[in-house]
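The values are calculated or read from the model by the stated rules, or taken from the named source; none is laboratory data. Just so you know, these numbers come straight off a predicted model, no measurement behind them. Using ideal geometry, Cβ is built from the backbone for each residue, glycine included, and neighbour counts are taken over all protein chains shown. The area values use the complete protein model at the heavy-atom level, side chains included, leaving out ligands, DNA and RNA. Shrake-Rupley method; radii C 1.70, N 1.55, O 1.52, S 1.80 Å.
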Amino acid sequence: MKNYFENKKSNLEHFLVKITDNIFLIPGSLFVNKLEPKLTVAIHAAVIANSPKKTIFAFRNICKDLFEGGVSDIFVDLSPSCSILNQNVLVMSDYFLMPCNADYYSKMAIKTISMWLPEWHEEQTPNHTVKFLGIIFNEYKKYGKDENSLSNASSSFKESFKKEINSKILGIHEDSNNNNNDNNDNNDDDVMMDEENDFEKFLIDGINYTSFLSIPDMQSLAEINQTRCITCYDLQNVDAKIVLGYSLGNDFNHLLERCKSSYDELYNLFSGYLS
């Protein structure tokens with residue numbers, strides 16, 4: 001991988017780990033962090049000279065070679081940080097999704113991406129615009145057995161994410177003047193939209209960005225599938241018994257069905273843009 005950041009070709013087959021007949025993995029490595037200073041220098045030089053350097057397009061060139069080798073789709077799992085490497089991979093991608101857990105840090109992440117993505121785009125890829133697919137509301141806690149019933153904390157965070165999306169991503173704000181007017185019967189419907197929204201270029205027409213794809217907390221399944229080294233969707237009740245020492249019975253089937261349902265939602269979301 002280092003060769004790509006030094007403007008050299010490399011045989012990517014050496015890095016591919018076969019998972020299934022049509023799924024391959026390029027494992028992460030602590031070594032890539034050593035490439036960040038080189039990437040930082042290239043980006044700063046490109047800004048000063050107003051001419052992008054080849055190093056900036058290293059990730060894009062890796063993807064290009066993979067596509068030419070027969071790969072149809074590439075998914076990249078980024079760490080939750082604003083490192084220069086994460087910035088570069090993000091703006092060089094075609095689409096991105098934001099996994100958000102029910103916590104304060106995810107709320108801050110929405111603010112961060114709305115504030116900095118326009119700048120990263122202008123510095124590194126002014127001629128290529130990544131598109132925002134939306135948020136995955138991840139590992140939320142349920143209340144009771146009702147699939148649609150969230151715990152109070154999860155429900156509160158979900159609503160706060162919607163407000164952040166409206167104000168920071170979509171540039172839509174409630175009209176506080178009208179909301180404070182007790183004589184206005186329609187104050188809940190009064191909104192103001194920013195005349196200039198720097199994030200608008202990253203949006204896709206037709207997507208409801210405040211309707212989140214939701215993946216609940218899988219509880220015991222995560223421990224089981226990681227121990228057995230197979231996906232949640234391939235688990236059997238016997239796997240739970242081996243790892244936990246006891247059978248989960250109907251609870252296992254319930255968890256697995258919920259997991260598969262979330263997978264179908266995710267597949268449907270991507271298939272519309274990757275077909």
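Considering E123, E119, the condition of being at pLDDT below 90, outside any strand (DSSP E or B) and closer than 23 Å to G171 by Cα is satisfied by E123 alone.
For the range 88-126, the set of residues classified as among the aromatic types (F, W, Y), surrounded by fewer than 19 Cβ atoms within 10 Å (Cβ to Cβ), free of Cβ contacts under 8 Å to residues at least 60 places away in the same chain and closer than 19 Å to K201 by Cβ consists of F96, W116, listed by residue number. In the range 80-101, the count of residues that are among the charged types (D, E, K, R), under 15 Å from the mean Cα position of the chain (by Cα) and not in a helix (DSSP H, G or I) is one or more. Scanning the range 139-180 for residues that are modelled with pLDDT under 85, buried (at least 19 other Cβ atoms within 10 Å of the Cβ) and under 21 Å from the mean Cα position of the chain (by Cα) yields Y140, S154. With respect to the conditions (1) open to solvent by less than 50 Å² (accessible area, probe 1.4 Å); (2) closer than 21 Å to S93 by Cα; (3) modelled with pLDDT of 75 or more, A45 falls short on a single one, namely (2).
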